[in-house]
Amino acid sequence: MSGSGRLLAVEDLTVAFGPTKAVDRISFTLDAGETLGLVGESGCGKSTTAMALIRLLQGAETGGHAWFEGVDLVAVAEERMREIRGGAIGMIFQDPATALHPMIRVGDQVAETLRTHRRLGAKAARARTIELFRQVGVAAPEERLSVYPHEMSGGMCQRVIIAMAIACSPRLLLADEPTTALDVTVQAQILELLHSIARDGAMSMILITHDLGVVAGVTNRVAVMYAGVIVETAPTDRLFADPKHPYTQGLLRSIPRLDSGWDEDMPTIAGAVHDAHALPGCRFAPRCPLAAEVCREAPPLRSFGADHQAACWRAS
Amino acid sequence: MFDSVVGTLPAVTPPRRHASRLFFRHRLAALGLVVIVALVLSAAFAPWLSPYNPDDLDMANRYAPPLSAGHLLGSDDLGRDVLTRLMYAGQVSLSVGVAAMAVTVIVGFAIGAFAAYLGGWIDVALMRVTDTMLCFPSVFLLLFVAAFVTPSLASISLMIGLTCWMELARVIYGQIRVLRSADFVAAARMVGAPAWRIILRQILPNVMAPILVAATLNTANAILLESYISFLGYGIQPPQASWGNMLTNAQSDFLVDPWLALMPGLAITLAVTSFNFIGDGLRDALDPKMSRR
Amino acid sequence: MSEAIVEAIGLALHYKLPGNRLLRAVDGVDLTIGRGATLGLVGESGSGKSTLGRTLVGLQSPSEGEVRFEGEPVAGARRAKLVRLRRQRQIVFQDPSGALNPRMTLGDTIVEHLRVQGFSRVAARERAGEVLTLAGLSRAFSGRYPHEVSGGQRQRAVIARAISTDPAFIVADEPVSALDVSTRAQIMNLMRELQRRSGLAMLFISHDLSIVAHMCREVAVMYLGQLVERAPRDSLFRTPLHPYTAALLSAIPAPDPVLERTRTRIVLKGETPDPSAIPPGCRFHTRCLRATEVCTRVTPETRMLLPGHTVACHHPLEA
C-alpha cells in the first residue's frame, strides 16, 4: 500500500506526547504539483503534523504511515531521512529570525545545503546560490552572499530561507506559517513568490496557516484541522463556497471581511478550544450549534461530493 | 448581549502543591528538612529536653567519651554535658544563621530590586557598591569588621548578613531587569503605583524562587561563618556556647579528647549540609522548566 | 460636535542610538480624538503606532510636542489632576500573558489596580467582580491564575482591568492579534459593546485593516512615524487617497478564492526603511509606484481632499 501513485499519502498519522495525542489518526493525500492548505487554530496539530512528516519532533511517539515516493517517512531509517530532508522535501519555518544561523553568512548557509545534498563544489555552489537569490527576489544577489541574518529585514530573511528550501529542487515543500511574522505588504510579496515557485517548478506544497485568506489565494485544496483531527477537506473553491463542517462554517463567518458587515456584531464560535483532545466522540461538539446525541460517537470523514469530505454526523 | 463563555475550567494543580510535590521527590532535600526540623526542635526545647543544665559541672567526669554513663555524647574539660551544650549552642548558632539570612535577604533584595527598577544613577551607584564588596572574600571582610565591633548575637548576625548580600542582589537585579519591561508592570506604573509598591506587590511574588533558594543557602553559609569567627574568638564569647566557640576550646584539648571537636563539628556539618540540600531541592521544585509536567 | 478628549500636537519620540543616530519612532504627529470617538490606527512594523498609543496614555514621554487631555497639557500635571488622568486613560495590551501578573489571580490583579487608585478594599473587590462579569467572565474566574485560563479569557481580564476605573479614553494596542481567529470575534464584539455602553473614546491600534473596519468609525494610517492619511471609515475603504493605504488594502488576503484570483494586487517595491534612516522628502517615496522627482525632495503637506478625509501626498489617488 505505497500510496497508489500519489506524491504523498498520509495514513492514520498519530503523534502523541505522553498521554495526549496532538495528532490523532489523520489521513490525506497530495498529488504532484498540488498545493494543499492545512488550516486550523492554535493547538490543532497542523505544525506538529509537518514536523512529524520530516521527523523533527522531540519526545513524541509517531504512529501510522506517510508514504512519500515509495518510502514511509514515519518508519524509514534516520540516514535516509537526512537525505530526504532538505533534498526531496524542503521546509520553511515560521520565524525567519530564528531559522537562520546567526553567525554564518547567508550565502554560506545556502551553499552548505547545496554541498551536502548535491555534492557541488564551492564555485558551483556559489553560482547556484546567486541564481537562487535572484529567483527569490533578493536584490543585488552577489553582494548579499556575505551578509549576516541580523543585517537583513524579516522579508529578506524569509526569501533566503525559501532559497535554501528550494535549493535542491524538492518535490515537496512544507511551509509552516511562512508569512505570519511578516508585515502584510511583505506577506503579499512572499505569497506571490511561493505561488510562482510552486507553479514553475511543478513542486507540491503543504501550506500551514491559521489565516484562511492566505489559503484562498494560493492553494488548490484545503484540509481543516481541529484538536488533532481533520474535520473537513475539499478543493479550495468548494470549501469557501460550500463548507460542510460547522467548525469550518463558523470559522469562515467569524473572519472580519474587508468589504461588508462592518457595523454588525460579528458571528462567533462559542467557547474555546479547551481540553478538546481528551473528549471521546466529536471534539467540536461542546461548541457546535448542531450538536446532538449522535455526536457522542466520533464521526468519520464522510463524502459530500467530488473530493469533498467532512467529519460530521449532522452536516448536509 | 454578551457571548456566554464556556464556564468549565480545567482542573489545574495549584502552584504551591505542585512545587511541594517536586520538592519531596528530591530525597536528600526531604532528609535535610527532617534533620533541620530535629535540630531546631532540640534547640528550641533545650530547657525541657536536655538532661542537664549547660553550666552544671561534673568535675569527677571530665573528658568523658560519648556513650559513657550519664553523658550520651560525652563531657568537656569542665565536666559539662556535651549533648546539653550542643542543644543550647544550637539555639545561638541557628538563630544567628537565620537572623543573618534575614538581613542578607532583605538587603540583597532591596538593593537589587531598586537598582534594577529605578535604573539611572541609582542603578550604577548600587551595582558598583555591590561589585566592590564582591571583591573582598567574605571571611576576611567579616573578621576585619568583627575586630572593631563588640560581639553580641545581634551585632554578629548583622555583620554576617551585611557581608553576604551581594550575590542575591545580583541575581535579583538580573531577574528584575527583565520583569521591568513586562506589560503588567507598565499597567501598574500607568495607574500611579509608586516604585516601592510595584516592587513589593508586582515584582516580589515573581522572584520568590531565587529568594527562597538564596535564603536556605545563605543560612547554611551564615552558620558556617559564625562558626569560623566564633572559633577564632571574635564571635560569640564564652560562657555563652555556640557550635563555633565549642570548637575553640576543643582545639587545645584535641589530643586529650578528640570527641570534643568532633561533636560540634558534626552538628555544624549536619546543619550546613541539610540547609544546602533543602536549597537544592527548592531550586529543583521551583525551576519553571522542570515544573512542565 | 463632540469636543476633543485627547490631542497630540507636534508629537515626536526619538531614541538615541549608538553612533550618534536617532531612531525616530514618532516623528511629528498632530492628532485629535473626540469624546466617544473610535479611531483606528493602522500601520506596519516601524510605523510608530504602538509608541504613539503608549504616549497618549502617558506610558512614555514625548521628546517633542505635547499631549493634551480634555484641553489641558498632560505634562506637569499635579496631584488631583494626575489622579484624574490616571483614572481616565487606560490601555489594553497585545499579549494577554505579559499583561497579567502570573503570580496574581485575575481578581487580585484588578483589585490591586483599583487600590493603587485609592479604592477601599471592599469597594475594589466589589468593582472587580462587576467588571469581570461585564467582560463575560463568571465569578469563578476571579480566583484563577492567568496560566489556568485560555488566551481569550485572559484578554477579557485585561479588558476588565482597563474599564474598572470607568475611563474616558482607552488605547487598545493590537488587542486581538495574539488570539485565535475564533476568539477574535468574541473579543471584538465585547469591546464594541463596552464602548457603546460607556461612550468612552477608543484608539484601536492594529496592522489589520479588516479588524479595524469592524471596530472604528474613523481610521488613520501611519508610516514611519507620521500620519499619511485619515478619514471616516467608509471614505478610507471606498476611496483611499494615499498609495500606501491602497497597497495595504490590496495586500490583505481575502477569504474568497475567486476574488483572490481575479483581483489585481498592488505590490510595493522593497521594504519599510529603518526608522533610524528615514528617506528625505516624502518618506514613502522609496516604495511608491507613483513617486516622482518632487517626492524625493519635498515633504508633502497634509490636505483635506474629501469631507473629513486628509492625506499627505504629492500625487494622491483619484478622489
Q | Count of residues meeting criterion [at the interface with chain C (Cβ under 7 Å from one of its Cβ atoms), among the β-branched types (Val, Ile, Thr) and over 13 Å from residue A:157 (Cβ atoms)] in segment A:180-197 | A | 2
Q.
The conditions are (1) more than 14 Å from every other protein chain (Cβ to nearest Cβ); (2) crowded, with 22+ Cβ neighbours inside 10 Å; (3) in contact (Cβ under 8 Å) with a residue 60 or more places away in the chain, and residue C:36 fails exactly one of them. Which is it?
A. (2)
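If I filter segment C:260-319 down to residues being small (Gly, Ala, Ser) and surrounded by 12 or more Cβ atoms within 10 Å (Cβ to Cβ), which single residue comes out as farthest from residue A:215 (Cα to Cα)?
Kept after step one, since they are small (Gly, Ala, Ser), are these residues of segment C:260-319: C:270, C:276-277, C:281, C:291, C:308, C:312, C:319.
If we keep only those that are surrounded by 12 or more Cβ atoms within 10 Å (Cβ to Cβ) too, we end up with C:270, C:276, C:281, C:291, C:312.
On the way: C:270: 24, C:276: 35, C:281: 38, C:291: 32, C:312: 34 Å.
Among them, the one singled out is C:281.
Return yes or no: is residue A:290 within 9 Å of another protein chain (Cβ to nearest Cβ) and either over 23 Å from the mean Cα position of the chain (by Cα) or outside any strand (DSSP E or B) (or both)? Show your work before the answer.
Values: within 9 Å of another protein chain (Cβ to nearest Cβ): no; either over 23 Å from the mean Cα position of the chain (by Cα) or outside any strand (DSSP E or B) (or both): yes.
In short, no.
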Q: Please find, among C:118, C:107, C:98, the residue that is not in a helix (DSSP H, G or I) and not aromatic (Phe, Trp, Tyr).
A: C:118
Q. Restricting the first residue to segment B:150-165 and requiring it to be free of Cβ contacts under 8 Å to residues at least 12 places away in the same chain, which pairs with a second residue that is part of a helix (DSSP H, G or I) meet a Cβ separation below 9 Å and a spacing of at least six or different chains?
A. B:155/B:146
Q | Index of the failed condition, residue C:96 passing every other in (1) facing chain B (nearest Cβ under 10 Å); (2) at pLDDT 90 or above; (3) surrounded by 18 or more Cβ atoms within 10 Å (Cβ to Cβ) | A | (2)
Q | Selection status of residue C:117, within 8 Å of chain B (Cβ to nearest Cβ) and polar (S, T, N, Q) | A | yes
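One line per residue, one yes/no per condition, for (1) within 14 Å of chain A (Cβ to nearest Cβ); (2) more than 12 Å from the chain's Cα centre (by Cα); (3) surrounded by fewer than 23 Cβ atoms within 10 Å (Cβ to Cβ); (4) among the hydroxyl-bearing types (Ser, Thr, Tyr):
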residue: C:171; (1), (2), (3), (4): no, no, no, no
residue: C:185; (1), (2), (3), (4): yes, yes, no, no
residue: C:212; (1), (2), (3), (4): yes, no, no, no
residue: C:216; (1), (2), (3), (4): yes, no, no, no
residue: C:222; (1), (2), (3), (4): yes, no, no, no
residue: C:252; (1), (2), (3), (4): yes, yes, yes, no
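Restricting to segment C:190-206, what's the tally of residues that are of a type in the set (S, T, N, Q) and buried (at least 22 other Cβ atoms within 10 Å of the Cβ)? Before the answer, list the steps.
Start the filter on segment C:190-206 by keeping residues that are of a type in the set (S, T, N, Q), which leaves C:195, C:198, C:206.
This time we only want the ones that are buried (at least 22 other Cβ atoms within 10 Å of the Cβ), so: C:206.
Result for segment C:190-206: 1.
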Q: Take segment A:228-278 and flag every residue that is within 8 Å of another protein chain (Cβ to nearest Cβ) and among the polar types (S, T, N, Q).
A: A:236, A:254, A:268
Q. Since residue A:192 meets every condition but one in (1) under 18 Å from the mean Cα position of the chain (by Cα); (2) surrounded by 18 or more Cβ atoms within 10 Å (Cβ to Cβ), which condition does it not meet?
A. (2)
Q: Collect the residues in segment C:15-41 that are among the small types (Gly, Ala, Ser), out of contact with any Phe, Trp or Tyr (no Cβ under 9 Å at 6 or more places or on another chain) and assigned to a strand (DSSP E or B), keeping them in residue-number order.
A: C:28, C:34
Q. Condition test on residue C:64, is it out of contact with any strand residue (DSSP E or B) (no Cβ under 6 Å at 6 or more places or on another chain), acidic (Asp, Glu) and either more than 18 Å from residue B:185 (Cα to Cα) or in contact (Cβ under 8 Å) with a residue 40 or more places away in the chain (or both)?
A. no
Q | Unmet requirement for residue C:75, which otherwise passes all of (1) more than 9 Å from chain B (Cβ to nearest Cβ); (2) surrounded by 19 or more Cβ atoms within 10 Å (Cβ to Cβ); (3) of a type in the set (Gly, Ala, Ser) | A | (2)
Q) Applying the selection to segment A:88-107, what residues are surrounded by fewer than 16 Cβ atoms within 10 Å (Cβ to Cβ) and outside any loop (DSSP other than H, G, I, E, B)? A) A:97, A:98
Q | Unique residue being under 30 Å from residue C:188 (Cα atoms), among the hydrophobic types (A, V, I, L, M, F, W, C) and not in a loop (DSSP other than H, G, I, E, B) when the list is A:224, A:273 | A | A:224
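The values are calculated or read from the model by the stated rules, or taken from the named source; none is laboratory data. Quantities reported herein were computed from a predicted structural model and do not represent experimental measurements. Don't worry about glycine lacking a Cβ; one is built from the backbone with ideal geometry, like all the others, and counts go over all protein chains shown.
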